[in-house]
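The values are calculated or read from the model by the stated rules, or taken from the named source; none is laboratory data. From a predicted model like this one, the values you see are computed outputs, not experimental measurements. Don't worry about glycine lacking a Cβ; one is built from the backbone with ideal geometry, like all the others, and counts go over all protein chains shown.
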Amino acid sequence: MRIGKMALMTGVAAIAMAAASGAQAADTTTNDAQKPVQVAQNYTPAASGMSNAELAARVQALEDALAARDDRAMADRTRLSTLEQGYNSAVWSFDNGRASFASGDGRFTLAIRARFQSDFAGFMQDSPTSHRPGFAGPADLSSGAVVRRAYFGIEGKAYNDFSYEIRLNAGGANGGLGANPCVVSGAAPAVAGGAAPTCSIPGIATGGEGDPLLNKAVITYTGIPNWHFNVGVIEPALMMEGTTSSASLMFMERPEIDNIAADSFGASDSRRGIEIGWAKTDALWSGDNITATGAFTGARTGTAAGHGNGGDEQTQILGRVTDRIWSDGISNLQIGASAAGALYTGAGPQGGAATGAGGAAQVLNFQDRPEIRVDGTRLISTGGIAAKTGNMFAVDMEGNWQNFYAGFEYAQFTADRQCGSTVNATLCSSSTNVIDHPTFSGWTLEGSWIITGETKTYSPSAINNEVAGYQAPVPSHPFSVNGNSWGAWELVARYSDTDLNWHDDQTAGAGHLAGILGGEERILALGLNWYMNRNIRLMLDDNIVQVSKGVVGNFDRDSQDFNVIGVRLQYAN
């Protein structure tokens, strides 16, 4: 076709040149207006060396080419019209068990999200008579079941540059009807590590895991490359496993140090706040990935806890930075650091008088369960430390080599303890004097082996708390009773050591307050995870727990060892 077109154009050019040359030789005196007429009068077919039939054939070819061009233009107009008509039409899709739809131009999307986790745990403890004389710790932890999470919500984007997510939670031991506003207090635990702390708010028991119904409600701006800005009810990124989705956890719960940091320094979910994040791959060299997030948060939704006597809400500032220092596309190695500060603890409910050690209205309480949430008892707890402010930091390293994964994290927590109602002219001129800085620490080491060969997925960037985190593997062969399809299988192990004792042999004196005996807890957790497909998962955990706790003069009085067997059935999309 192209050769024919070129021959046709060459022939036409030759005819025009020959005609113009003949006309000029015949009459050089003819003016420009007369030249076209004379060319036509002097032109004969013989002058071009082509017959009438050949010229007719060439003209016909030219007409055919023009007709084909018109057909293509008509087809293009038809396709454009079809696109314009579908500009605002919704396009439905169903991927990863998630129903979603988008506008015809893709600027608006909406997806339906759901997550369900049903837990069972059995505690195997020695009988109370086998404990040490004077034992005052929990001797009969409750076996049973709980719907740990029951999320339902929507997420999507609007006008391309904005994203949103709304999520409700009907899970937790209290059915999601409201957070437990209990602030563990009592002078005895904070001063000498005595009896188990009691709740300072009337009518509220210390047990129970009740979570706020409004779990997340956030609007995100993503219009600037590599940046995101979150506002609303958020879940900030903090600590190593804090960047792992609750649907992708290796064990039923995160390590104790991660839970303590999240609860005490404003990083747990359902937090009112704002967050700014930045992430860039290949920032310094090929394969690296740098992320930085910072957040300012208040109290949790659904409760008046976290407000001082004047109604001022507790406030925290927190952040995390990471650098994936090496990657080959499948395997990764990353280092990270997290830090946070409690600017105002505001521990009491608005209008209430939830007092901590020494009667102070603001308290910090570092505590956690033994990495199982079926029983709400905190086996280690500093009790309410009279403190308006505090801080923490953590460092971590994690990575995977194909289907193997390992991670390590160390954290330290500090409370700026005030005098409170202590009467000591030597130490305190005011109840708000910061008298010392009780400091506590913990660390965890974990690893996994995905037997079936899949790898954990690394998320270099995200607009939620999963930025620079490791998520669950995707089964290569989803489980089916037909064929050799068994899903993905993973063996996991973790050791945690959390020490909430500070100057445990120090009694109150003229120059200092008493030390704090919150206890030390060591947990060896072993587990097996079965990923039946991308949505359904079955977990089996065995937590071997050792608690060392007591009082001044009898540091091991409340110590005990026991096992917890936990099972979780999960659906998540």
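Look at (1) touching a residue at least 60 places away in the same chain (Cβ under 8 Å); (2) surrounded by fewer than 22 Cβ atoms within 10 Å (Cβ to Cβ); (3) over 20 Å from GLN471 (Cβ atoms) and you find that ILE276 fails only one, number (1). Note on the stretch 224-310: enclosed strands (runs of 3 or more DSSP E) holding 2 or more residues that are among the hydroxyl-bearing types (Ser, Thr, Tyr) and at pLDDT 95 or above are 289-300.
Looking only at residues that are closer than 17 Å to PHE265 by Cα and without any contact (Cβ under 8 Å) to a residue 40 or more places away in the chain in the stretch 286-312, which one is surrounded by the fewest Cβ atoms within 10 Å (Cβ to Cβ)? Filtering the stretch 286-312 for residues that are closer than 17 Å to PHE265 by Cα and without any contact (Cβ under 8 Å) to a residue 40 or more places away in the chain, the one surrounded by the fewest Cβ atoms within 10 Å (Cβ to Cβ) comes out as ASP312.
Cβ-Cβ contacts under 7 Å between residues 6 or more apart (or on different chains), taken from a first residue in the stretch 478-504 that is under 15 Å from ASN535 (Cα atoms) to a second residue that is assigned to a strand (DSSP E or B), are listed as PRO478/SER485; PHE479/SER485; GLY487/TRP530; GLY487/TYR531; ALA488/ILE450; ALA488/TYR531; TRP489/TRP530. Candidates SER476, SER480, SER496, SER461: the one that is surrounded by fewer than 18 Cβ atoms within 10 Å (Cβ to Cβ), touching an Asp or Glu at 6+ places or on another chain (Cβ under 8 Å) and of a type in the set (Ser, Thr, Tyr) is SER476.
Anything in the stretch 473-494 that is out of contact with any strand residue (DSSP E or B) (no Cβ under 8 Å at 6 or more places or on another chain) and not in a loop (DSSP other than H, G, I, E, B)? List them, or say none. Matches in the stretch 473-494: SER480, SER485.
Look at the stretch 135-147: where a residue is at positive phi and a partner is part of a loop (DSSP other than H, G, I, E, B) and surrounded by 15 or more Cβ atoms within 10 Å (Cβ to Cβ), sitting 6+ places away or on another chain with Cβ atoms under 7 Å, you get GLY144/VAL374.
For the stretch 70-106, the candidate set comprises residues that are hydroxyl-bearing (Ser, Thr, Tyr) and outside any strand (DSSP E or B); within that set, the residue that is modelled with the lowest pLDDT is TYR87.
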